[in-house]
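Student: I'd like to ask you about the structure that follows.
The values are calculated or read from the model by the stated rules, or taken from the named source; none is laboratory data. Everything numeric in this text was worked out from a predicted model, so none of it was measured. Here Cβ is always computed from backbone atoms with ideal geometry, including for glycine, and neighbour counts include all displayed protein chains. The area values use the complete protein model at the heavy-atom level, side chains included, leaving out ligands, DNA and RNA. Shrake-Rupley method; radii C 1.70, N 1.55, O 1.52, S 1.80 Å.
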Amino acid sequence: RYPRGTIATAADVFVAILLAHAAATTSTKTLPEKTHKLLETILTNPMIASKLGKVDIPAAGDDLADSIESIQLDSTESFADNAIVQKLDSLNIPHLTYAHKLSVTVDELVANVPISEEETHTKNLFFKDKKHGLFLLTCKPDAEVNTKALGKSLNLGGKINLRLASEDILMECLGVKKGCVGPLAIMNNAEKNVTLILDEGLLAFKKIHSHPLTNDVSTVLTPDNLKLFLEKLEVEPVLLAFDSKSAASASGPPKAAAEAKKPQGKKGGAQQQAKSKNKDNKKTSKKGETLLALQWKKEENFAMWYSDVIVLSEMIAYYDISGCYILRPWSYKIWQLIQDWFNIEIEKLGVENSYFPLFVSQDRLEKEKDHVEGFAPEVAWVTKSGSDTLAKPIAIRPTSETIMYPAFSDWIRSHRDLPLKLNQWSNVVRWEFKDPTPFLRSREFLWQEGHTAHATYKDADKMVMQALDLYRQVYEDLLAVPVIPGFKTEKEKFAGGSQTTTCEAYIAGSGRAIQGATSHNLGQNFGKMFDINFQDENGKSQVVWQTSWGLTTRSIGVMVMVHGDDTGLVMPPRISPLQAVIVPIISKKLSYEDAAPYCDGILEDLVANGIRAKYDDRTMYNPGWKYNHWEQKGVPIRIEVGPRDMESKQARIVLRFNGEKLDMPVDGLGAVLKEKLDYIQKAMFEKAKDARDEHLVQITEWKDFVPNLELNNLVLTPWCGGEHQDWEEWVKDKSREESLKARGQELEDERTATSVAAKTLCIPFKQPDLPEGTKCIASGKPATCWVLWGRSY
């Protein structure tokens, strides 16, 4: 229909694009002969020529620099809708914008878009620090980025915790998605709350390539034109020098990369967090099958296995507010059983239950500076009543010190009013920024919090240790979870307190430690703040000594993770809502009517022996379904009754924790199973303790530290003392750096609740011998104690 050569074929267009991109992105200096012939054929095509205009095609062997640039610059019409291109054009800033293969990471970009050694791509990292604000770092692709050193170079005061910001914050502040960031995105920072940091090394290149808000396009600017663009935007970047990875030092405490050469911009910003669910590789049921069984294996995907278990066992239901969960009767009963035991024990110590309001005024909350600073990022505020704005915002309690202690000040006048020992069972709200996880890290959780006031430090310290030992018993005697009690370091202690003690548990399935419960000696700090004074026996006014201690529903999650298996929960008998369930095997030979008297007799015997038991006589489910149901819920003992069992006056006993099956006579079965439950409780504790001890190692050299972390071990090391927060931070940063390097990663998301960095868990009460002359594993200073490290939730 059309004469040959009058229109551009698809092949013409395709080849033209490939050739143009290849020439531009490789900065080709001369034109090969065959390429010259192809270009001549394509670029003289009437259809293509009508779009590009007349193009002078250089002869084979000629310098291409000017020709290629003219072709590309004339083709920027295709990016006319790009906001960065529009802005550059409006400012009359020369630039070259070209399309390329989609490249999410800087490594992909370097591989996909090779360029001249005189030009450079950029690596862009968007950081958030809760205290210091937001930072966009643009550097060379091979720059070594150490967040500790970066913070020092920026002269950030106080605690520095630069972490990669979430994509929500990235979009909110820079209007760009993850993987599409470049220095030009600073144009979208209308609130001027992001500090731009430029690598000095970039400015030494002739041209800088960076993404203009999309990762399949790059814009090329000279360093001078990039600086001009920022100047027009009134953005003053901070210039820092960064070493290349090959030249970066790998030993000693982190040092600043360079001094900041220009003042920082404003800081600030807010973070929003939404729960993300890992749905990749999710198994699906085949037609005709149910999804009663767990869809994840504990060793294959621990996080998804955990979510599967707590939902299918009917412990948790999800709610429409992220980080808030419904505790179903099965899990709430566990909490009630813990409450029942704990109330009896604290009553023996003279502690009384009470209840204080949920809300706290801003003035009260902010009265203790260190205390409020520790909780400030997590505090939820009520600012409205109906449509009216409150005169002053009211906080929802993150903890109750500032709610209870003004009352203590009113009630305590004399030494006769001491000790005052109160406990309350309540809910607490802490608006977590990290990924919420049921039981472990939620925005609302249940807990008990004890608060006491004493006349002497000795009495307060005694109370701290008594409370901590109760927590040890909750974990070890009720939940069958071994714990390591000890002191927290100064860095990890309770905000505003004098000393913190803790019980640390270990989750073999994930190789992580988890803080089980804490008991704090508050000293006299809060007493001074809230004027809690008393007249001693000599008539002198004294400040009280105080304690606070708490246990949360996190303990339930710890129990699930330690004992659960690929079938579901495995419940320690002492806190199992049901300790035994009776399942009749109904068939043509045995009806429910015939089974009922026999099963009811067994049930009565069990209950008489103090066993929490149930006869499952539901007619709509078959025995196999019931077996699966109660195994998922972790009931310690299943009692099966069939026609042969009734004839033999016996029952089949199945133990959940090890699958053992026993045939036992029903006569005296209750007393026998009572002993069997004690055996199960002890065996579950020993199994968990063995798993923990297999991953508890003692080392004295740094070279063994990270390799042991990678083996999911808890690491006991010599230490120069809990007051050395700088070296503690060094270990955290260094272990993160080495672990990420071993995994082929560079940085981790700030939202992660499961960092690869090590942290101090505690200084154990039980200390191994420390030979004279032993050096601290980090500082090399004389060691004064052993400290326990691990990756932690």
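Student: Take each of the peptides 544-552, 781-789, average the number of other beta-carbon atoms within 10 Å over its residues, and list them starting from the highest.
Tutor: With the highest mean Cβ count within 10 Å placed first, the list reads 544-552, 781-789.
Student: Once you sort the root eigenvalues of the Cα gyration tensor of segment 84-132 as a ≥ b ≥ c, which label holds: rounded (a/c under 1.5), prolate (a/b larger than b/c) or oblate (the other case)? Present the calculation step by step, with values, prior to reporting the outcome.
Tutor: On the way: a/c = 2.13, a/b = 1.13, b/c = 1.89.
It comes out oblate by the Cα gyration axes.
Student: First obtain the Kirkwood hydrodynamic radius of segment 405-501 from its Cα pairs, then insert it into the Stokes-Einstein equation at 20 °C and 1.002 mPa s, and state the resulting D in µm² per second as a whole number.
Tutor: The calculation lands on 134 µm²/s.
Student: On the principal axes of its Cα set, how long, how wide and how thick is segment 293-395? Give whole Å, largest value first.
Tutor: Result, largest extent first: 53, 43, 30 Å.
Student: Which whole-percent values make up P(r) of segment 675-725 when all C-alpha to C-alpha distances are grouped in 10 Å steps starting at zero?
Tutor: 22, 32, 24, 16, 6
Student: So which trypsin sites (Lys or Arg not before Pro) in segment 610-717 end up in coil per DSSP with only 15 or fewer other C-beta atoms within 10 Å?
Tutor: Arg618, Lys649
Student: Same structure again: Suppose the chain between Glu231 and Glu701 were pulled fully straight at 0.36 nm per residue; how much longer would it get relative to their current alpha carbon spacing?
Tutor: The span from Glu231 to Glu701 would gain 164.1 nm if fully extended.
Student: Are there GluC sites (Glu not before Pro) in segment 584-686 that DSSP puts in a loop and that have at most 12 other Cβ atoms within 10 Å, and which ones?
Tutor: Values: sites: Glu593, Glu604, Glu631, Glu640, Glu647, Glu660, Glu675, Glu686; in loops: Glu660.
Within segment 584-686, the qualifying GluC sites (Glu not before Pro) (loop, at most 12 other Cβ atoms within 10 Å) are Glu660.
Student: Taking N as the number of residues in segment 120-186, what is its Cα Rg relative to 2.2 N^0.38 Å?
Tutor: Working it through for segment 120-186, the quotient is 1.10.
Student: Something else about it: Based on alpha-carbon positions alone, could you give the equivalent ellipsoid semi-axes of segment 72-211 from the gyration tensor, as √(5λ), descending, whole Å? Don't skip to the answer; put the middle values down first.
Tutor: Numbers: eigenvalues 146, 65, 38 Å².
Each semi-axis is the square root of five times an eigenvalue, giving 27, 18, 14 Å.
Student: Sorted from largest down, give the three principal axis spans of the alpha carbons of segment 491-609, whole angstrom values.
Tutor: 83, 40, 18
Student: Sticking with this one: Which value, in nm² and rounded to one decimal, describes the direction-averaged projected area of the C-alpha convex hull of segment 585-680?
Tutor: That works out to 5.8 nm².
Student: Calculate, in nm to one decimal, what Glu119 and Asp388 gain on full extension: separation in residues at 0.36 nm each, minus their alpha carbon distance.
Tutor: This chain segment gains 91.0 nm when fully extended.
Student: What does the C-alpha gyration tensor say about the overall shape of segment 455-497? Classify as rounded when a/c is under 1.5, otherwise prolate if a/b is larger than b/c, or oblate.
Tutor: It is oblate, given that a/c is not under 1.5 and a/b is not larger than b/c.
Student: Report, to two decimal places, the Cα Rg of segment 424-464 normalised by 2.2 N^0.38 Å (N = number of residues).
Tutor: Compactness ratio reported: 1.67.
Student: Same structure again: Convert each backbone phi in segment 653-670 into a coupling constant with the Karplus relation 6.51 cos²θ - 1.76 cosθ + 1.60 (shift: θ = phi - 60°), then list the ³J(HN,Hα) values in order as whole Hz, x for Gly and Pro.
Tutor: 9, 10, 8, 5, 6, 9, x, 4, 10, 9, 9, 10, x, 6, 5, x, 5, x
Student: Also: Could you work out the percent of alpha carbon pairs in segment 343-452 separated by over 18 Å, rounded to a whole number?
Tutor: 59
Student: While we're looking at this one, here's another question. Wrap a convex hull around the Cα atoms of segment 535-575, take a quarter of its surface area, and give that in square nanometres.
Tutor: One quarter of the hull surface, i.e. the mean projection, equals 5.2 nm².
Student: Using a 1.4 Å probe on the protein heavy atoms only, what accessible surface does Trp305 show? Give it in Å² to the nearest 10.
Tutor: Trp305 has an accessible surface of roughly 0 Å² with all protein chains in place.
Student: Which shape class applies to segment 436-569: rounded if a/c is under 1.5, otherwise prolate when a/b exceeds b/c and oblate if not, where a ≥ b ≥ c are the square roots of the Cα gyration tensor eigenvalues?
Tutor: prolate
Student: So, one more: Give the average over all directions of the projected area of the C-alpha convex hull of segment 700-793, one decimal, in nm².
Tutor: 6.2
Student: So if each residue of separation counts as 0.36 nm, and I subtract the Cα-Cα distance between Tyr679 and Lys540, what length gain in nm does that give?
Tutor: Between Tyr679 and Lys540, full extension yields 44.4 nm more.
Student: Still on this structure, please answer the following. Give the long-range amide H neighbours of Thr97: residues separated by 5 or more places, or on another chain, with amide H under 5 Å away, using H modelled in the peptide plane at 1.01 Å from N.
Tutor: Result for Thr97 returns Val220.
Student: Follow-up question, since we're still on this one. Between Gln767 and Val15, take the C-beta separation as r, use R0 = 60 Å, and let me know the FRET efficiency to the nearest 0.05.
Tutor: 0.20
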